[in-house]
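Presented below is the structure to which this report refers.
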Amino acid sequence: RAKEALTHNVCFYEVSMDEAARDRRLIATDLWYAIERKELQLYYQVQKAVQSGSVIGYEVLLRWNHSERGMISPAQFIPIAEECGAILPIGEWVLREACKEAANWDQPHKIAVNLSPVQLGNADVAGLVHRVLRETGLAPERLELEITESTIIGDKERALRTLRQIKALGVTIAIDDFGTGYSSLETLRSFPFDKIKLDRSFMSEVEESPQAKAILRAIVALGQTLEVPVLAEGVETRNQLDILLSEGCAEAQGYFLGRPGPMEGKSPSQAA
Ligand code: C2E
Ligand code: MG
Ligand code: MG
Ligand code: MG
């Protein structure tokens, strides 16, 4: 009986894997048309100084409103876009649209754009950034690129070279989702970066877990020593913000401070 059930499960598993694979192929095909069909949209989420509450900038988060499937989460389609290469035109579109938008704001807030490891590995990102800044007139110091640690795990030398070129333009680099990769300390030691974004898993645990709090404290201290600000992601409650304040964490982002949303021609000062 047990054996029968197991066999059955295996078969079911294989069928659903097959379907998942087919679904990924369908999504990949549609991704190539998403830009021209105007199905992509940028959301913005505010980043604030913990102590003063003042706005530092906005992170750009991509949304895909698929004609039949509805809203598809970036967590779902970015990996597919990376696999099929569509991340290159899509990433370029995101960068250009975001810089165009920010160049029109009435206040010089920063704009933080996520950069895929595939972009860093396959395209002349520094050249692209340079062109887009020139085209849109956005001051380089208003642009921040967020890269995850996994970006750096691939071709390290190449990634380093590209990051140095980007920094030479005056653009800043933030390490995203810090604390979830395998080589956090190695990353900090060898890469030129201007901000540490602490992964939101720490925030979700910081109230109950003394370990999470100890790590928060240690990373804030590390940031102070290295003279780079630490931004805590995923702040959802007043209490979490109070913890950040008492721990001396400089910056925060999360639903409690503002949910991601479209800018829709509003000035960012009016956005949620
Ligand atoms: P990320 O860069 O770490 O972005 C933060 C994610 O956390 C966003 O998810 C945001 O909506 C979510 N978030 C913000 N505050 C809170 C909070 O208080 N609680 C919780 N539970 N979540 C919060 P989103 O928009 O679904 O994006 C997921 C990931 O997709 C991003 O993680 C980023 O890695 C990637 N992504 C999004 N847009 C782009 C893009 O334009 N290019 C690339 N390469 N990746 C992107
Ligand atoms: Mg990010
Ligand atoms: Mg993050
Ligand atoms: Mg993330």
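When every alpha-carbon pair in segment 141-260 is counted, what percent end up more than 25 Å apart?
23
Would you mind checking segment 66-80 for residues with the amide N under 18 Å from a putative spin-label position 7 Å along Cα→C-beta of residue 25?
Counting only backbone N, you get 80.
In whole Å, what are the Cα extents of the chain along the three principal axes, biggest one first?
For the chain, the Cα extents along the three principal axes come out at 62, 48, 41 Å.
GNM on the chain, C-alpha springs below 10 Å: top fluctuator among 44, 255, 58?
255
Full extension from residue 100 to residue 180: what is 0.36 nm times the residue separation minus their Cα-Cα distance, to one decimal in nm?
Length difference between fully extended and current span is 25.6 nm.
Output the relative contact order of segment 35-183, whole-number percent, from Cα pairs under 8 angstrom with separation of 6+ residues.
Computed value for segment 35-183: 19 percent relative contact order.
Scanning the chain for trypsin sites (Lys or Arg not before Pro) in DSSP loops with at most 10 other Cβ atoms within 10 Å, what's the longest stretch left with none?
Maximal segment without exposed cleavage sites: 39-272.
Relative contact order, percent, of the chain when contacts are C-alpha pairs under 8 Å separated by at least 6 residues?
Once normalised by length, the contact order is 18 percent.
Ignoring ligands, DNA and RNA, what percent of the 1.4 Å accessible area of the chain is carbon and sulfur? Show your work: numbers first, answer last.
Numbers: 7310 of 14180 Å².
Here it works out to 52 percent.
Under unit Cβ charges (Lys, Arg +1; Asp, Glu -1), what dipole magnitude, rounded to 20 debye, does segment 114-169 have relative to its Cα centre? Please list the in-between numbers first.
Values: 8 positive and 8 negative charges, 41 e Å.
The calculation lands at about 200 debye.
If amide hydrogens are placed 1.01 Å from N in the peptide plane, which non-local residues have theirs closer than 5 Å to the one on residue 146?
113, 114, 115, 174
Fully extended, how many nm does the chain gain between residue 221 and residue 246 (0.36 nm per residue separation, minus their Cα-Cα distance)?
7.7 nm
Can you flag which of 100/156; 38/195; 48/167 are past 27 Å Cα-Cα?
Values: 100/156 31 Å; 38/195 33 Å; 48/167 23 Å.
The pairs that break the limit, which is 27 Å between Cα atoms, are 100/156; 38/195.
The values are calculated or read from the model by the stated rules, or taken from the named source; none is laboratory data. Predicted model, so just to flag it, every value in this text is computed and none were measured. Glycine gets a Cβ as well: all are built from the backbone with ideal geometry, and neighbour counts include every protein chain shown. The protein model used for the area step is the full one, side chains on, heavy atoms only, and it has no ligands, DNA or RNA in it. Shrake-Rupley method; radii C 1.70, N 1.55, O 1.52, S 1.80 Å.
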